[in-house]
Structure formats: C-alpha cells, structure tokens
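The values are calculated or read from the model by the stated rules, or taken from the named source; none is laboratory data. The model shown is predicted, which means the values in this text are computed figures rather than measured ones. Cβ placement follows ideal geometry from the backbone for every residue including glycine, while neighbour counts extend to all protein chains displayed. Accessible surface areas use protein heavy atoms only, side chains included; no ligands, DNA or RNA. Shrake-Rupley method; radii C 1.70, N 1.55, O 1.52, S 1.80 Å.
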Amino acid sequence: SAVISQKPSRDICQRGTSLTIQCQVDSQVTMMFWYRQQPGQSLTLIATANQGSEATYESGFVIDKFPISRPNLTFSTLTVSNMSPEDSSIYLCSAKTLRNEQFFGPGTRLTVL
Amino acid sequence: GESVGLHLPTLSVQEGDNSIINCAYSNSASDYFIWYKQESGKGPQFIIDIRSNMDKRQGQRVTVLLNKTVKHLSLQIAATQPGDSAVYFCAENILRSGNTGKLIFGQGTTLQVKP
C-alpha cells in the first residue's frame, strides 16, 4: 500500500486568494490524481498529475483555475486560484501504485468566505 | 456514457447480519472496479478490487461480485460490525490512451450498522 499525506488538512480562505495544497506519497507510484468532493457527495476527478509535464484535466476543470505540479514521482501540488465560495470543498490527492492499486490521502477541507 | 451509480443511498443493517451494497455501471470497456470505504472526515480507503475478467473475488469478510452481462457490481460484507459503518463507493476504471486509466466514482451508499 501507499501512505499519502496532504498539507494543509484544512484552511479557511478569503475569496480572490489562492491556496496551494501539497501531496506526498511515501513510496513509488506510477500515477497521481487530484479529486474534489463536495460534502456528502461523491468524488470528481479534477486532473491527472503528470511528472515533468502539464497535467491532464477533466471536462470542466482548467489549468488557470487549478494549476498542478508534479516535480517528481512522489510529490504533487494543486493550487486553487482566485477562490470563490463555490470552491469550498474537500480536495483529495490520490496515487496509483506499481500493483495498480489506487490510494487516497486524507483530504484538504477548504472553506472560502 | 461514463457513469457509475449505486441503487440505494442508505442501507441499515443489524450487527452480525450480512450487508450487500449494489452498484450499476455503464462503461463496458472498463478493465477493473474498486470498492472504497470512507469514514467521516477521512479519505476513501481501498477495500477490494476485481478485474473485468473475473466474476468474484473474496477478501477478509468481503466479497465482490461482478456481472458484466447486466453491468452490475456488488459488495458483500459478512457479519457486519459497527466499525463497518461508513459510506461505500464503487469506482470504475476507464481506460485511456497509453494504457492509463481514470477512476469514475458512484454516488455512494451509507451503511448504518445497528447494535
């Protein structure tokens, strides 16, 4: 298995500002992903974080709003830019291991005022 | 289209009984499926997966059944315990180019275990 940590675990931010969420995996993984989960709802894939190249975004998500970096195999960041209250959500980092199992971090709970 | 859904939003069972959580999917090209358990305030926890070339897989107290004919997936939990109370999600791996994949999640079923 892989242990995934995220920082911060939660934050309260003012609208118009940006927040960068960090994700660290404790073992070698092949792929890393970022998801969003509204309270009481399911998970929606934002993008696949590609090492050394631009992330692959899902429909409805764009790089200007959610820039993603993955400088090495086990670390990635997601920035939520120019935040509005609609961005209030839980943001989850996920990674796929060499055995093709996909694990999730504990999530970052974001509240935008 | 790409959608994975669960039949029931909430399932309430008596402690010690068996639980069955169902899931319907629509993409016949998916290569495997995963069940996750999510407790309040935590990220989803991997429970068990099954490849599309299988119809049954067993783990510790859990069994996953896959019926590709009707595109149906189920998770069976034996002797349900209070610690099993959580939201359960099924996820479908959608294949993409370069032999990569992405997980599409169902809406989730809340399992409530009554003592």
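Would you check if A:Leu78 is within 14 Å of the chain's Cα centre (by Cα), away from every other protein chain (no Cβ under 13 Å) and open to solvent by less than 60 Å² (accessible area, probe 1.4 Å)? Considered against the rule, which asks whether it is within 14 Å of the chain's Cα centre (by Cα), away from every other protein chain (no Cβ under 13 Å) and open to solvent by less than 60 Å² (accessible area, probe 1.4 Å), A:Leu78 comes out as yes. With respect to the conditions (1) within 14 Å of chain A (Cβ to nearest Cβ); (2) in a strand (DSSP E or B); (3) under 21 Å from B:Glu39 (Cβ atoms), B:Ile104 falls short on a single one, namely (3).
Mind checking which residues of region B:71-87 are exposed (fewer than 14 other Cβ atoms within 10 Å of the Cβ) and either free of Cβ contacts under 8 Å to residues at least 40 places away in the same chain or under 13 Å from the mean Cα position of the chain (by Cα) (or both)? Scanning region B:71-87 gives a single hit, B:Gly83. Could you list, in sequence order, all residues of region B:42-60 that are of a type outside the set (S, T, N, Q), over 14 Å from the mean Cα position of the chain (by Cα) and open to solvent by 60 Å² or more (accessible area, probe 1.4 Å)? Within region B:42-60, B:Lys42, B:Met54 qualify. Listed conditions (1) within 14 Å of another protein chain (Cβ to nearest Cβ); (2) buried (at least 19 other Cβ atoms within 10 Å of the Cβ) are all met by A:Asn100, apart from (2).
For region A:36-59, a tally of residues being among the small types (Gly, Ala, Ser) and away from chain B (no Cβ under 13 Å) returns 1. Scan region A:1-30 for residues that are open to solvent by less than 30 Å² (accessible area, probe 1.4 Å) and in a strand (DSSP E or B) and the total you get is 8.
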